[in-house]
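See structure below.
The values are calculated or read from the model by the stated rules, or taken from the named source; none is laboratory data. All values reported here derive from a predicted model rather than from experimental measurement. In this analysis, Cβ positions are derived from the backbone assuming ideal geometry, glycine residues included, and neighbour counts consider all displayed protein chains. We work out accessible area using only protein heavy atoms, side chains counted, and drop any ligands, DNA or RNA first. Shrake-Rupley method; radii C 1.70, N 1.55, O 1.52, S 1.80 Å.
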Amino acid sequence: MAEKYVFGPFAHGAGPDFKRADLEFYSIDHFRPSFVGRIYFNDPDVDFDTATEDRPSYAGSFAIFGHEKCAGNVGHCDLPGERRRFDDRPSHPLTRAFKRVVVTDALRKACDEGEELTITVVVASAEDGKRKKTSKKKGKKKEKPHYKRLFDFKGMQLVTFD
Amino acid sequence: MAGSMVYRLRVASPDDPHIAQFRQAMGAAQALDDNRGYNHIAGFHGAPDWYCWHHQANPRTPLQARLFLPWHRAYLLHLEQALQDQVDRVALPWWDWSREQRIPDSYRVADIDGASNPLHSFRARVPTADPPINRRTRRSPGTHPFARLATATEINALLRETDWGTFSDVLQDYHDNVHGWVGGDMSDPTTAAFDPIFFAHHCMVDRIWYLWQVEHGNGAVPQDLLDLELRPFGKRVKDVLDTQALGYDYAAAAAEIEVEGVLNG
């Protein structure tokens, strides 16, 4: 099911002369179906039905190539804890992801609107497309997902560069 | 000429000679069950081998080891070499999803000349998966409500990016969108590489990196990446920076010209 997250308002702290602005998301869990997040500035009312790329408040998007179901035995998709000193194997394929979205133009516009910023992220998977098409039909019972939220991450940072 | 460099060309119509040659090689590789075959090589990415690098960390790099581009370059090369064992001088084609924003006909049609098209789908076989996988790959293009294919304008803007990290991250994001847009097995790393269009998609990604290298060189690639291994291909990042040293280049067109008759006629 599509999800919506609203962050802020907070002081964006961007000066008048920045050349570039990035919105960074840290530690995104991608043990999920593939999904896309669309980002809107100063538009907390946007939702799945109105989250288009031509909406004036649209700031950018990111896509996650997600791993929907575990295809291994029990424990195969569990992220290991701290690595042993001599374990130099590549990290687990489900190591949480980092995403960077360039939001320069959108932040410039937001700066014109004031010193505070609200960030809204609307995320959707392919399942939401099917749901939209068959919303009036009685669908077959879906298996309960192994995750609570489609978009689970640990940090976000707005960075500007001179 | 066996062993000479090949040119990777755009995905063309099903009857185009280079696509017909590629289809022949894929059909032959798909018929092999052993480690020369497509099923084995497709299994490197997700199930059952899980070698692919998308978001992994490495203790030797500060934030994230950006091995996405080098790892997939080595992967494409491995398949291309295996296909050349089947059909001499065959080269991988690239699907320019920034201009052809649909599944190309060469990958869309199920049958060609009365035979099943090996680029349309493939029976993936992973008996060690839980549950075991033994079925043909599927797609559902264009059904994801938010996923979309990057445009030529966006690609041209990305090629002007000078920072390696940003270039790699943004290209990876465009790549992620393509996987979501194609849908079905392509939308999950577990099964994505079993769909033959995976390699046409990644060939486009590799071509964009090649175009970026032509413009910006390799100086921006962080030093701490250069010695990292690209398992299981026996190469390191520094080994895959020069496509010509790997035996391929990207071109708009290439026509083989018959010389034997003239020289010996």
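So that you can scan it fast, the table gives a plain yes or no per residue for (1) at pLDDT below 95; (2) part of a helix (DSSP H, G or I); (3) under 14 Å from the mean Cα position of the chain (by Cα):
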{"site": "B:Phe44", "(1), (2), (3)": "no, no, yes"}
{"site": "B:Tyr51", "(1), (2), (3)": "yes, no, no"}
{"site": "B:Asn58", "(1), (2), (3)": "yes, no, no"}
{"site": "B:Thr61", "(1), (2), (3)": "yes, no, no"}
{"site": "B:Ala65", "(1), (2), (3)": "yes, no, no"}
{"site": "B:Pro70", "(1), (2), (3)": "no, yes, yes"}
{"site": "B:Glu80", "(1), (2), (3)": "no, yes, yes"}
{"site": "B:Asp85", "(1), (2), (3)": "no, yes, no"}
{"site": "B:Gln101", "(1), (2), (3)": "no, no, no"}
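Those residues that are more than 10 Å from chain B (Cβ to nearest Cβ) and among the acidic types (Asp, Glu), I need them from the range A:1-33; list them, please.
Within the range A:1-33, A:Glu3, A:Asp17, A:Asp29 qualify.
Residues of the range B:27-40 being under 16 Å from B:Arg125 (Cα atoms) and of a type in the set (A, V, I, L, M, F, W, C), which ones?
Of everything in the range B:27-40, those that are under 16 Å from B:Arg125 (Cα atoms) and of a type in the set (A, V, I, L, M, F, W, C) turn out to be B:Ala29, B:Ala31, B:Leu32.
Does A:Ile64 satisfy the condition of being touching a strand residue (DSSP E or B) at 6+ places or on another chain (Cβ under 7 Å) and at pLDDT 95 or above?
Criteria met by A:Ile64.
Mind listing whichever residues of the range B:107-153 are more than 18 Å from B:His179 (Cα to Cα) and away from chain A (no Cβ under 14 Å)?
Scanning the range B:107-153 gives B:Val109, B:Ala110, B:Asp111, B:Ile112, B:Asp113, B:Gly114, B:Ala115, B:Ser116, B:Asn117, B:Pro118, B:Arg123.
Which residues, taken from the range B:142-173, are assigned to a helix (DSSP H, G or I) and either open to solvent by 40 Å² or more (accessible area, probe 1.4 Å) or among the β-branched types (Val, Ile, Thr) (or both)?
B:Thr153, B:Glu154, B:Ile155, B:Asn156, B:Ala157, B:Thr166, B:Val170 - these are the residues of the range B:142-173 that are assigned to a helix (DSSP H, G or I) and either open to solvent by 40 Å² or more (accessible area, probe 1.4 Å) or among the β-branched types (Val, Ile, Thr) (or both).
State yes or no: is A:Asp88 loosely packed, with under 14 Cβ neighbours inside 10 Å, within 8 Å of chain B (Cβ to nearest Cβ), free of Cβ contacts under 8 Å to residues at least 60 places away in the same chain and over 21 Å from the mean Cα position of the chain (by Cα)?
Working: loosely packed, with under 14 Cβ neighbours inside 10 Å: yes; within 8 Å of chain B (Cβ to nearest Cβ): yes; free of Cβ contacts under 8 Å to residues at least 60 places away in the same chain: yes; over 21 Å from the mean Cα position of the chain (by Cα): yes.
Considered against the rule, which asks whether it is loosely packed, with under 14 Cβ neighbours inside 10 Å, within 8 Å of chain B (Cβ to nearest Cβ), free of Cβ contacts under 8 Å to residues at least 60 places away in the same chain and over 21 Å from the mean Cα position of the chain (by Cα), A:Asp88 comes out as yes.
Does B:His179 count as closer than 26 Å to A:Ala51 by Cβ, buried (at least 21 other Cβ atoms within 10 Å of the Cβ), free of Cβ contacts under 8 Å to residues at least 40 places away in the same chain and within 14 Å of chain A (Cβ to nearest Cβ)?
On the way: closer than 26 Å to A:Ala51 by Cβ: yes; buried (at least 21 other Cβ atoms within 10 Å of the Cβ): yes; free of Cβ contacts under 8 Å to residues at least 40 places away in the same chain: yes; within 14 Å of chain A (Cβ to nearest Cβ): yes.
Yes: the conditions hold for B:His179.
Which residue, of A:Thr104, A:Thr95, is facing chain B (nearest Cβ under 9 Å) and either over 14 Å from the mean Cα position of the chain (by Cα) or surrounded by fewer than 17 Cβ atoms within 10 Å (Cβ to Cβ) (or both)? Spell out the reasoning first.
Working: A:Thr104 fails: facing chain B (nearest Cβ under 9 Å).
Unique residue meeting the criteria: A:Thr95.
If I ask for residues that are under 30 Å from B:Asp49 (Cβ atoms) and either of a type in the set (Val, Ile, Thr) or in contact with a helix residue (DSSP H, G or I) (Cβ under 6 Å, 6 or more places away or on another chain) (or both), which ones from the range A:93-117 would you list?
A:Thr95, A:Arg100
Could you grab me the full set of residues in the range B:190-231 that are modelled with pLDDT under 95 and part of a loop (DSSP other than H, G, I, E, B)?
B:Gly217, B:Asn218, B:Gly219, B:Ala220, B:Val221, B:Pro222, B:Asp227, B:Leu228, B:Arg231
Restricting to the range A:38-57, name every residue that is in a strand (DSSP E or B) and more than 8 Å from chain B (Cβ to nearest Cβ). So that I can check it myself, show each step before the final result.
Step one: list which residues in the range A:38-57 are in a strand (DSSP E or B), which gives A:38-41.
Across the range A:38-57, the qualifying residues are A:Ile39, A:Tyr40, A:Phe41.
Of (1) in contact with a Lys or Arg (Cβ under 9 Å, 6 or more places away or on another chain); (2) at negative phi; (3) more than 8 Å from chain B (Cβ to nearest Cβ); (4) open to solvent by less than 40 Å² (accessible area, probe 1.4 Å), A:Gly60 satisfies all except one. Which?
(2)
For the range B:104-141, give me each residue that is assigned to a loop (DSSP other than H, G, I, E, B), in contact with a helix residue (DSSP H, G or I) (Cβ under 6 Å, 6 or more places away or on another chain) and not basic (Lys, Arg). Please lay out each step first, then the result.
In the first step, residues of the range B:104-141 are kept if they are assigned to a loop (DSSP other than H, G, I, E, B); the result is B:104, B:109-110, B:113-114, B:117-122, B:127-132, B:137-141.
Among the residues that remain, those that are also in contact with a helix residue (DSSP H, G or I) (Cβ under 6 Å, 6 or more places away or on another chain) are: B:118-119, B:122, B:137-141.
The answer is B:Pro118, B:Leu119, B:Phe122, B:Thr137, B:Ser140, B:Pro141.
Yes or no: the range B:235-248 includes at least one residue that is open to solvent by 80 Å² or more (accessible area, probe 1.4 Å) and in contact with a helix residue (DSSP H, G or I) (Cβ under 6 Å, 6 or more places away or on another chain).
For the range B:235-248, residues open to solvent by 80 Å² or more (accessible area, probe 1.4 Å) and in contact with a helix residue (DSSP H, G or I) (Cβ under 6 Å, 6 or more places away or on another chain): present.
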